[in-house]
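One structure is given below, encoded as structure tokens.
The values are calculated or read from the model by the stated rules, or taken from the named source; none is laboratory data. Since this is a predicted model, take the numbers as computed values, not measurements. Only protein heavy atoms, including side chains, enter the accessible area calculation; ligands, DNA and RNA are left aside. Shrake-Rupley method; radii C 1.70, N 1.55, O 1.52, S 1.80 Å.
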Amino acid sequence: MEINYPTNTRKPNRTPCCSIKLFVLCHGFLQLSQLLYSAYFRSTISTIERRYGLSSFSSGTISSLNEVSNCLLIVFVSYFGSRVHRPRVIGFGGLLMAVSAMILTLPHFLSQPYTLDLDLQKFDDLCNPHDNATSPESCGQEDSRRLADTTQVWILMAIAQLLFGVGSVPIQPFGISYIDDFAGHKNSPLYIAILFSVSVFGPSIGYLLGSFMLRFYVDVNRSGFDEFPEFSPVDPGWVGAWWMGLLIITAFLTLASIPYFFFPRQMSFEVNMAETETDSNDNLHLHEKDRSLLEFLKLFPRMFFRLLSSPLFLLLVLSQCCFSSVIAGLASFLSKFLERQYGASAAYSALLVGSLNLPAAAVGMLIGGVIMRRTGLTMKSIPRFSVIMLIISTLLCIPLFFMGCETQKVFEVNYPVAPPGSLPKCSASCSCPESSYQPVCDSNGIEYISACHAGCTNLTIDPNSTLRILVFTNCKCVSGADNQALPGSCPNSCSHYLLPVILVISLASLIACLTQNPLYMMVLRCVSFDEKSFAIGLQFLFMRVFAWLPAPALFGMAIDMSCIWWKNVCGKKLNCGYYDNSLFRSRYVGLQVGYKIMGIFLLIILGWKAKRIQEYDLEKKPKI
């Protein structure tokens, strides 16, 4: 098709304050705020599960709903990117994300107050053999309210996530293409590497913020923290203030969006010694082709199928989908994995992820950008480099299969080990409530779902507090002379693995992230210059459809399949109470290793394909 250049091309903005370096700074701050939202939400996902009774599959689905609206719009927004004022569109998207963050807090304000350990306050959790009024199948007002809150949180969080997906559509394709258009050709890879490296500190700060906020009680705004001084974040019934950080993130997103309304549609080019401003302006003319809207629509399917028919582009994007699936699984459930496997509190696990794992990924991305700039990796050498790094990263994950312990012995759940019909029903006459879940532990290291399930008929209360129970006594299911049980879960026997595990995961993440920038630059250079913005949009569409959308739900489903006892309310299965630790660990780590192996296989094919094409410098933009 013949290209008609415009006769009156708008001159780029020459205002000194509107430099591409300033845009990189502002865009890094916006992406940091965007990822701060996503990471904070994922760092509190296990707390939201506990608060509203969600399964891992449900919470994983909610966390990925923003990808649905993003998938529906990102290709079209990217394709029409050259015809709109990109900075302003990014600014409007940032404000929409701020609104969605505010909506996400509404379930807390619209739900009834969360009653911490009401069973202990009313002493309903004791075994009362003479009381036949309470039936395990009964559904009280409190249980019905919990089910209503669960439905409400689904609707509101789904709306918030969908709006967030719409707002985040222009961030990546418009921002990256804007930087690559007006930055010096030698500086573009480094700017993008810096952008990703700065952005990845958003998740790190998000997890650290989650760690801080989860130390406050969820209803601190209603009752004040001093009302429950006896309880702490390490207690089994603790639910942290997951909503408080979202108010801070709303302010961050609003502030980060404002500067975009002051950037021009075009700005002066950053000229290197090897370039001239005339060459850059020629590229601008080429990029600003004067096509009508009808011509755009006609070319859309042709460009779409042309990109899909490119083996290099397709293999690159599919391999990135595999590695993005690993990241999605880590982002959504790494905190829960540390909690369940090694006994870490929600706040401490978020602290470890934010202070170790995510900074390691940021360092890996930055080093990858430096390697790309200094070594001049080519289209033939990038796949080989990536395969080597990813094989090392995969091998580092193998010890994780064995760094754990067996499942805690839970009476009438997985202990004694016998056919279900032969399990002793010493608490059968207690008529324990179906929704009862207040773990207790005896001196033999056996855990019980509640004091009622342990057959305890009495208790000793702390004389300094009417809410603090010291010990449950006269427990007929407990073997031994004391017949006593202590409130709370039994101590975790694998806590010494916690720090080694997070260090291994962090090192594996650092090595894998060395390949992020080289692979991304290869995507930018394997397409023609006028297809760049569209290719970025199509890349992120594939990554959302095949990675970020299904992966959290898939990981959540795998985790749910390792559950051995579910909490039930009014006959409805809610979140899991106990997991088979070995199955949990093998399935969670196994999915990550499986995705990495698939990605490595695709990169090997990509390397074989790359040998058959004419090689050119990645730093040089192709001529059209």
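Potential lengthening of the chain between Lys298 and Trp565 amounts to 90.5 nm, from the contour at 0.36 nm per residue minus the alpha-carbon distance. For the range 296-448, the square roots a ≥ b ≥ c of the C-alpha gyration tensor eigenvalues yield an a/c of 1.5 or more together with a/b exceeding b/c, which makes the shape prolate. Taking the centroid of alpha carbons for each part, the range 21-71 and the range 333-382 are 17 Å apart. In the context of the full set of protein chains, the range 539-613 has a per residue accessible area of 40 Å² (1.4 Å probe). Across the alpha-carbon atoms of the range 451-558, the computed radius of gyration and Dmax are 27.6, 81 angstrom.
In the range 299-340, the alpha-carbon atoms span a convex hull of 64 Å³ per residue. List, in the order given, every pair from Lys336/Lys596; Lys567/Lys596; Lys476/Lys572; Lys532/Lys611 whose Cα-Cα distance in the structure shown is over 32 Å. Result: Lys567/Lys596 exceed 32 Å. On the range 291-413, 71 percent of the accessible area sits on carbon and sulfur atoms, based on a 1.4 Å probe. From the square roots a ≥ b ≥ c of the eigenvalues of the alpha-carbon gyration tensor of the range 503-544, which class results: rounded (a/c under 1.5), prolate (a/b over b/c), or oblate? Oblate, because a/c is 1.5 or more while a/b does not exceed b/c.
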